[in-house]
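Only the coordinates and a few stated rules stand behind these numbers; no lab work does. Quick caveat, the model's predicted, so the values are computed rather than measured. With ideal geometry, Cβ positions are generated from the backbone for all residues, glycine too; neighbour counts draw on all protein chains shown.
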Amino acid sequence: MKRRTVLKSFAGAAALLGMNATYLRAQSGPIRVGAAFALSGVGAPVGKQMLAGTEVAAMQINKAGGLLGREVELVIRDDKYNSSESVAVARELAGDGINLLLGGSQTVTALGLAPLAPELNMAVIIVAAAGMPVTHELFNPNIFRATANNYTQYSSLGRVLIEQNPDVRTWVSLAPDGDFGRDSALFFGKAVEKYAPGEKPTVLDTIYTQATATDFRTQINQLMSSDAEGLYIGIAASAQISFFQQARSVGLYDKFKAIGEVGNGDITGKAMGRNTHPNLWSVCHWIHNAEPFASNPVSKQLFEDYVTLKGDEMPSAQVAAGHRAAMAIFEGIRAAGSTETEAVLAAIEDVEFETVGGPVSFRKEDHQLVNTNYYSQMGPSREDPFFAFNKVVSIDAAEMIEPATPGKPFDISELPQ
Amino acid sequence: MSSQAVFVLFNGMAQGMAFFLVAAGLTWVFGILKILNLAHGAFFMLGAYIAYSVGGAWPASIWTFLAVALVAAAAVGVLGYLTDVLVLRRLRNVDYHYALIATFGLMLFCEGVAKAIWGTDYFAVMPPPEVDRAIVVGGSYISVYTLFVIGTGLALYAALEIVMHRTWAGKIMRAVSNDPWMAGTVGINVPLVLMLSVVASFVLAGFAGGVLVPNQALSPHVGASFVLYAFMAVVIGGLGSIRGTFLACILLGIVESANATFMAQYGGIAIYILLAVALVWKPNGLFPAQGTT
């Protein structure tokens, strides 16, 4: 052996020994993907369902032989529905050598994660945060949003509500007094005006409340005293159910012919049962037994595997959100043929993959998901669980998506009205 | 008086009585044992879950509803007895900081138990049919169920006042509260009185859970929303004073209602201003109980 070859071998061995042990570990064994969801606190009911979807996705990938010849391992953390905790979790996972992360199950946690991703050299899939800043002023190339944003979701909801209920001529919104509440009510109202057949309907001033309020009697009285017959409710989770409990008793169901809600969906249906409003429309991620989902092979498989994994035959729509986000990162790894951050980020920009609601992809300019959005109408039922989805309507995001302006705040006034 | 002002007063009263139903047990146990039970909201929550499990989501009648609330009260009373034996009794002669830490731990334990038994899904219980409707007063829509809550709160206050100030049992409790050693020397079974006081406090928490469950989505965190106001009322009214807590609850309810009506864009801020003013103006509360000044 030549002396030069020996020296090269020594140099190579020294370089390998000097490499970070974590890096070496990352190149062998399972592919470790961080999964940070709200698993405690008020966000837990939603976060746990999203995590279940992600777990099913990992199970499906592993059952099919894994990725790059390796198994996928989820490293699960609780972000506690808290921005600072989501940041702490991301740092901890990065310190453990994890560079691929599913997080931001809500906007509050996504706003913490998004700016951190480049610093930690992570590829982050924002699971379900719909706040506009994520793909606008907070945009960076390390994040992808795997859900429709607020503008698309709530302007589409407004469009669906007015197209399905053209006889309702006066609308009002009840929204939490914050960025999300103001934005979603504004997007909803503008769409109602824009897409109404015939004469422009009246959209009254939004009534504001607190996102975590427990008493809505004042707002209910304002709603009952208004001329409105159509309502958008921007409050979510337990607050929305409390609102319905308090509102139903005073006759709000008789007054309002149509109600659109922020996306609680079957969470509200399960809680309210036969006291569900008869014409309640929701932003809908998935209903496994309703068309077009029922005949979709991804949807069928997700339901079967969810039942196998969790032993529960009533998966929430949020399961599909967790599944879709996980599939985005898994398909990115597959397409990249690597788990390196740069390679995965580049690959995700080009992938198109199947979900419970059809094919989806990401817009290259701002990494916003482009998909078909669904809106479900539910009402009470005589059979257990005493509510039923009666109709599902779809709107292609391409029709309702805003222009990409990464790095710049979204301004609805710049859009054609 | 404008219809808006009437609504603010009515709604404030309704909220205030809901707060009082929760705060009554809290101030009761503080008045007797001088323990601030941070787990009170958690036992309120357990009362609500028990009422839901026993009575279901659609109570058949107001009598069934009240009977279920009493079952919840009794069940939480039993939990109170166990809590006294296992936790509170051991804390009577130690620094109050230990009691705070212990009851905080108890609160987390109760939430964990609720999640293990009932899960994290939300449930909704409807008011009984007799009160599941509205009346219109001066253009304002008023739920009959909230009238029922107001009535229950007023009845509970009257009952507590009578028990504390017009009965031998109340006099014995006040004697033990003021000077347990002296009460013991005159033949009062002080440990028994203290145990019964704890059980009574928990019974009140369980009853409040059973009565107020149609007001809120049921989740392991339902107690937190009420108990925060209850703590404020106890502080403003005077620690251990039922009368002070009652008035403070009404004050808080009206301020909160006025805030939501006239300054919705600053939602929730007025009660904190009220708390700050009350602490500066009357640091020992509106009606400080003996031994707390």
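From most to least packed by mean Cβ count within 10 Å, the peptides A:283-290, A:250-257 give A:283-290, A:250-257. Legend: mean number of C-beta atoms from other chains within 10 angstrom of residue C-beta atoms, peptide B:136-147, equals 4.
The eigenvalues of the Cα gyration tensor, multiplied by 5 and square-rooted, give region B:1-136 an equivalent ellipsoid with semi-axes of 31, 21, 13 Å from largest to smallest. Looking at the P(r) of chain A, how many percent of alpha-carbon pairs lie beyond 35 Å? So the portion of pairs separated by more than 35 Å is 29 percent. Within the protein assembly as shown, DSSP assigns beta bridges of which about 45% are antiparallel (rounded to the nearest 5). For B:V71, B:V76, the sequence from fewest to most other C-beta atoms within 10 Å is B:V71, B:V76. Taken about its Cα centre, region A:302-407 carries a charge dipole of roughly 260 debye when the Cβ of each Lys and Arg holds +1 and the Cβ of each Asp and Glu holds -1.
Centre-to-centre, using Cα atoms only, region A:339-417 and region A:32-60 are separated by 19 Å. Database remark: amide H of A:T209 closer than 5 angstrom to the amide H of A:A175, A:D177 (H placed geometrically; neighbours at sequence offset of 5 or more, or on other chains; Pro and chain starts carry no H).
Charge dipole of the protein assembly as shown (Cα centre as origin; +1 on each Lys and Arg Cβ, -1 on each Asp and Glu Cβ, all else neutral): 1780 debye, rounded to the nearest 20.
Packing around the peptides A:129-142, B:14-27, taken as the average count of other Cβ atoms within 10 Å per residue, puts them in this order, highest first: B:14-27, A:129-142. Given 25 °C and 0.890 mPa s, how large is the Stokes-Einstein diffusion coefficient of the protein assembly as shown in µm²/s, with Rh as the Kirkwood radius over Cα pairs? This corresponds to a translational diffusion coefficient of 89 µm²/s. Our summary gives region B:3-281 a relative contact order of 40 percent, counting only alpha carbon pairs under 8 angstrom and 6 or more residues apart. For region A:272-415, the Kirkwood radius over C-alpha pairs fed into Stokes-Einstein at 37 °C and 0.692 mPa s yields D = 191 µm² per second. Candidates A:F216, A:I76, A:Y306 compared by Cα position along the dipole of chain A: farthest toward the positive end lies A:I76, with charges placed on Cβ.
Shown for chain B are the DSSP H helices of 20 Å or more along their axis, judged by Cα atoms, with a mean Kyte-Doolittle hydropathy of at least 1.6: B:62-86, B:190-212, B:222-237. Could you state the number of Å between the C-alpha centres of region A:185-264 and region A:78-151? Using only Cα atoms to place each centre, the spacing works out to 31 Å. Computed from the Cβ-Cβ distance with R0 of 51 Å, the FRET efficiency linking B:L192 to B:A264 stands at 0.50. Summarising the amide proton neighbourhood of A:K391: residues at separation of 5 or more, or on other chains, whose placed amide H is nearer than 5 Å comprise A:Q377.
Ordering A:Y208, B:Y98 by the number of other Cβ atoms within 10 Å of each residue's own Cβ, fewest first, gives B:Y98, A:Y208. Restricting the calculation to alpha carbons of region B:223-293 gives Rg and Dmax of 12.2, 41 angstrom. Amide H contacts of A:A258 (H built 1.01 Å from N, in plane; Pro and chain starts excluded): A:L231 sit under 5 Å, all sequence-distant by 5 or more or on other chains. Remark: region B:3-281 carries a charge dipole of roughly 500 debye about the Cα centre, counting +1 on each Lys and Arg Cβ and -1 on each Asp and Glu Cβ.
Would you work out if region B:3-281 is rounded, prolate or oblate? Take a ≥ b ≥ c from the square roots of the eigenvalues of the alpha-carbon gyration tensor; rounded if a/c is under 1.5, else prolate when a/b is larger than b/c, oblate otherwise. Prolate shape, in that a/c is at least 1.5 and a/b is the bigger ratio. Of the beta bridges in chain A, as assigned by DSSP with both residues counted there, near 40 percent are antiparallel. Along the axis of the charge dipole computed for chain A (Cβ charges of +1 for Lys and Arg, -1 for Asp and Glu, origin at the Cα centre), the listed residues A:G337, A:V392, A:A129 are led at the positive end by A:G337.
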